[in-house]
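The next block holds one structure in the form of structure tokens; read it before the comments.
The values are calculated or read from the model by the stated rules, or taken from the named source; none is laboratory data. These figures come from a predicted structure and were not determined experimentally. For neighbour counting, all protein chains shown are included, and Cβ atoms are generated from backbone atoms with ideal geometry for every residue, glycine included. Side chains included, ligands, DNA and RNA excluded: accessible areas come from the protein's heavy atoms. Shrake-Rupley method; radii C 1.70, N 1.55, O 1.52, S 1.80 Å.
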2 protein chains.
Amino acid sequence: MDATTLTVRFKDSRIELVHGAGGKATRRLIEGLFLPLLANPALAALGDAALVEMGEARLAVTTDAFVVRPLRFPGGSIGELAVYGTVNDLAVSGARPLGLTASFILEAGLPAETLQAEVEAMSRAAQRAGVAIIAGDTKVVEHGKADGMYITTTGIGLVDPRVRLDARAVRPGDRVLLSGPIGDHGITVLLARGDVNLDADLVSDTRPLTPLVAALVEAAAPGLRWMRDPTRGGVASALNELARDCGHGVALLEEAIPVRDAVRGACELLGLDPLYVANEGQVLAVIAPEHADAALGALRATPGGEGAAMVGEVREGPARTLVAVTVYGGSRVVDMLVGDPLPRIC
Amino acid sequence: MDATTLTVRFKDSRIELVHGAGGKATRRLIEGLFLPLLANPALAALGDAALVEMGEARLAVTTDAFVVRPLRFPGGSIGELAVYGTVNDLAVSGARPLGLTASFILEAGLPAETLQAEVEAMSRAAQRAGVAIIAGDTKVVEHGKADGMYITTTGIGLVDPRVRLDARAVRPGDRVLLSGPIGDHGITVLLARGDVNLDADLVSDTRPLTPLVAALVEAAAPGLRWMRDPTRGGVASALNELARDCGHGVALLEEAIPVRDAVRGACELLGLDPLYVANEGQVLAVIAPEHADAALGALRATPGGEGAAMVGEVREGPARTLVAVTVYGGSRVVDMLVGDPLPRIC
């Protein structure tokens with residue numbers, strides 16, 4: 001039986017934090033519980049955004065809830081995340097944002113100035129990303145029934161007609177590009193909680209990916225096969241989904257992956273692998289080999305993309321598997337995230 | 001100074017439940033804090049949905065968070081509300097739904113079967129409303145940090161080209177129609193909590209308004225000026241917004257407003273006014289007088305609209321004011337909801 005025809009069943013009796021971590025348990029929840037009940041082609045594609053055809057145009061639609069704790073951390077806050085997270089899901093779908101909606105669940109007792117600060121952060125972020133917040137809603141729950149605030153944003157975008165992303169078009173020989181160093185966001189938020197006794201000179205990478213994606217599209221649209229922003233579950237989970245969806249093997253060149261010393265050090269002390277740590281301002285792209293150099297050059301020439309690197313390639317096999325390889329010829333299978341080392345990261 | 005040029009300031013130091021109740025405090029929060037920071041024309045219109053022009057087409061976009069407690073109540077549940085609530089915001093904007101997104105914030109420890117039941121409810125509701133859930137997201141927060149689940153839905157719809165809704169087009173002499181009895185939803189949810197020692201043979205009116213709105217459009221599109229579904233804050237708050245936005249007076253014929261005996265009885269015992277109680281399956285419409293009879297007939301001929309009534313009319317004045325009048329000539333000003341008698345109702 002072909003592996004893609006296997007039916008996933010959700011057998012867990014209770015929802016736990018791990019089901020929100022973006023790894024295996026999340027995938028099981030989505031494929032075992034949500035998809036069978038809500039089945040439709042747009043949802044089943046499980047991309048970062050759903051595509052809706054409207055005459056000649058293709059609309060991209062995406063939604064995300066943000067429950068990050070603490071609300072503010074070095075380099076960003078929940079309001080910025082809520083705007084950039086959704087703008088980025090549109091961007092990696094090849095879409096220019098037409099508008100965002102924002103829905104707030106506020107905890108009674110929240111200082112008004114905390115709310116004001118986050119709405120200001122959203123306003124600045126929306127301006128930077130070139131999008132307007134066109135509709136909203138506010139609910140208030142009793143004290144203790146939320147952590148200050150949860151924000152859900154939905155983005156609607158218009159897909160660039162030059163872009164045709166499809167994991168099934170990915171071929172052996174295609175290159176995997178990464179826009180910059182990984183793990184900054186997850187480690188920054190973890191340290192901001194103060195639960196671990198560690199200090200690092202680190203800020204979240206939260207930012208709009210729109211300029212980097214625009215550069216990729218301009219330089220290499222005909223060779224652009226797949227994009228993803230590796231948030232929850234990190235690079236390892238995003239590339240596992242790629243391997244699964246394209247059916248080929250994906251080889252990750254471990255030494256080529258940019259990781260800051262502070263992130264590497266914190267990960268070593270905490271027993272984490274940076275490949276599983278969330279990012280909020282990086283893009284992974286799969287490019288046909290003949291367009292890869294142009295694409296990498298375009299990323300590096302774009303502000304914020306100076307650290308871009310070619311970090312892997314698609315291979316014939318092993319099928320549906322992500323393998324990390326070293327320059328010395330070593331290799332290890334890299335699975336999707338199992339467990340939830342960093343809850344409430346976005 | 002014209003009242004419409006007054007600047008609202010948000011001076012409350014903390015967010016309280018009342019800010020989510022849909023009445024005066026909610027309006028102050030939105031106009032005093034959100035709007036000045038997120039200013040753009042689509043948001044400033046403060047309709048049930050924002051309008052986005054896309055070539056010839058007009059897209060309607062709306063978002064709502066659902067935090068109803070308890071999750072299930074006679075006649076419905078949070079999953080149904082989350083679908084119909086958003087479908088109805090599209091419907092009263094004259095739009096046919098193109099797709100919904102659903103974002104879940106789940107509490108760790110939630111029984112999987114509770115989630116399954118709500119996703120099933122959403123699936124059935126979406127099918128009934130003729131819409132697909134095309135994108136989603138799931139986050140999990142620690143036990144105690146949510147009440148089982150919160151659901152945010154966003155709807156995207158295509159506005160019927162025959163429909164041109166605008167409060168500023170409302171004229172003295174226009175009629176106010178209501179699709180059926182009010183207060184069923186709010187009182188049902190209140191009683192389902194078991195906090196008050198009352199029993200009533202009552203179910204929520206949660207349902208898609210699409211068929212009723214379609215009937216109005218078919219019968220009276222050229223005379224259709226304004227629609228709203230009176231949810232949080234009830235009929236009184238919705239018609240206050242109408243009075244404010246159109247600049248005229250709105251007269252409500254108290255005896256003409258359909259209210260079930262059970263709702264009237266519960267309201268009397270609890271000291272509530274049905275005019276302020278939330279509905280989840282009713283539509284208010286303002287129609288030019290020459291189309292009013294046809295519109296009312298169309299509503300009554302549609303299943304679920306048998307109890308429709310002409311409940312008021314627009315008058316020269318008093319400007320921006322809702323006045324309830326009785327057949328004996330009595331009258332009283334009906335303000336927007338102040339305070340929050342029924343928190344967490346949707």
Label zone at residue A:328 (point 7 Å along Cα-to-Cβ), backbone N below 14 Å, the stretch A:239-280: A:254-255
Quick one: divide the alpha-carbon radius of gyration of chain A by 2.2 N^0.38 Å and tell me what you get. 0.96
Between copies, how far apart are the residue B:218 label points? List them in nm, one decimal, shortest first, with each point 7 Å from Cα toward Cβ, please? 5.2
Convex hull projection area averaged over all views, the stretch B:26-69, Cα basis, nm²: 4.0 nm²
When you count, for each residue, the other Cβ atoms within 10 Å and take the mean per peptide, how do B:116-122, B:162-168, B:73-79 rank with the highest first? B:73-79, B:116-122, B:162-168
Average beta carbon contacts from partner chains per residue of A:88-94, 10 Å cutoff: 0
Amide H of residue B:58: which non-local residues (sequence gap of 5 or more, or other chain) have their own amide H closer than 5 Å, using H built in the peptide plane? B:159
Averaged over the residues of B:211-223, the number of partner chain Cβ atoms within 10 Å of each residue's own Cβ comes to 0
To one decimal in nm, how far is residue A:269 from the same spot in the other copies, if labels go 7 Å from Cα toward Cβ? Please give the shortest first. 6.2
Return the aspartates and glutamates within reach of residue A:11: Cα separation strictly under 13 angstrom, same-chain partners fewer than 8 residues apart disregarded; answer none if there are no such residues. A:31, B:113
Using alpha-carbon positions, the gyration tensor of the stretch B:51-161 gives root eigenvalues a ≥ b ≥ c; with a/c under 1.5 called rounded, otherwise prolate if a/b exceeds b/c, else oblate, the class is prolate
Can you compute the FRET efficiency between residue A:294 and residue B:57 using 1/(1 + (r/R0)^6), with r the Cβ-Cβ distance and R0 = 41 Å? Round to the nearest 0.05. 0.70
Against the longest alpha carbon principal axis of chain A, how many degrees, from 0 to 90 and to the nearest 10, is the axis of helix A:112-129 turned? 30 degrees
For the stretch A:96-129 and the stretch B:156-226, what is the centre-to-centre distance using only Cα atoms, to the nearest Å? 30 Å
Where does the Debye-calculated log10 I(q)/I(0) of the protein assembly as shown sit at q = 0.06, 0.07, 0.10 Å⁻¹, using only Cα point scatterers of equal weight, no solvent? -0.35, -0.47, -0.92
Can you list the copy-to-copy distances for residue A:297, using a point 7 angstrom from Cα toward Cβ, in nanometres, shortest first? 7.3
For residue A:24, what accessible surface area do you get with a 1.4 Å probe? Give it in Å², rounded to 10. 90 Å²
Nearest 10 degrees, 0 to 90: helix A:210-220 Cα axis against chain A principal axis: 20 degrees
Simple spin-label estimate for residue A:169/residue B:46, 7 Å along Cα→Cβ, in nm, reads 4.6 nm
Rounded to whole Hz and in sequence order, give me ³J(HN,Hα) for the stretch B:162-167 from the Karplus expression 6.51 cos²θ - 1.76 cosθ + 1.60, θ = phi - 60°, writing x for Gly and Pro. 6, 9, 10, 8, 6, 4
Taking the 0 to 90 degree range and rounding to the nearest ten, how far is the long axis of helix B:289-300 tilted relative to the main principal axis of chain B, both from C-alpha atoms? 40 degrees
Across the residues of A:103-115, average count of Cβ atoms on other protein chains within 10 Å? 6
Pairs to check: A:145/B:24; A:24/A:145; A:139/B:24; A:139/B:145. Give those whose C-alpha atoms are more than 19 Å from each other in this structure. A:145/B:24; A:24/A:145
Sorted peptide list for A:36-49, B:52-65, criterion being average Cβ within 10 angstrom, highest first: B:52-65, A:36-49
Label model pair residue A:338, residue B:338: point-to-point distance (7 angstrom along the Cα→beta-carbon line) in nm is 6.2 nm
Counting only protein heavy atoms and rolling a 1.4 Å probe, one gets per residue an accessible area for chain B in Å² of 37 Å²
On the protein heavy atoms, probe 1.4 angstrom, tell me the percent of accessible surface of the stretch B:250-337 carried by carbon and sulfur. 53 percent
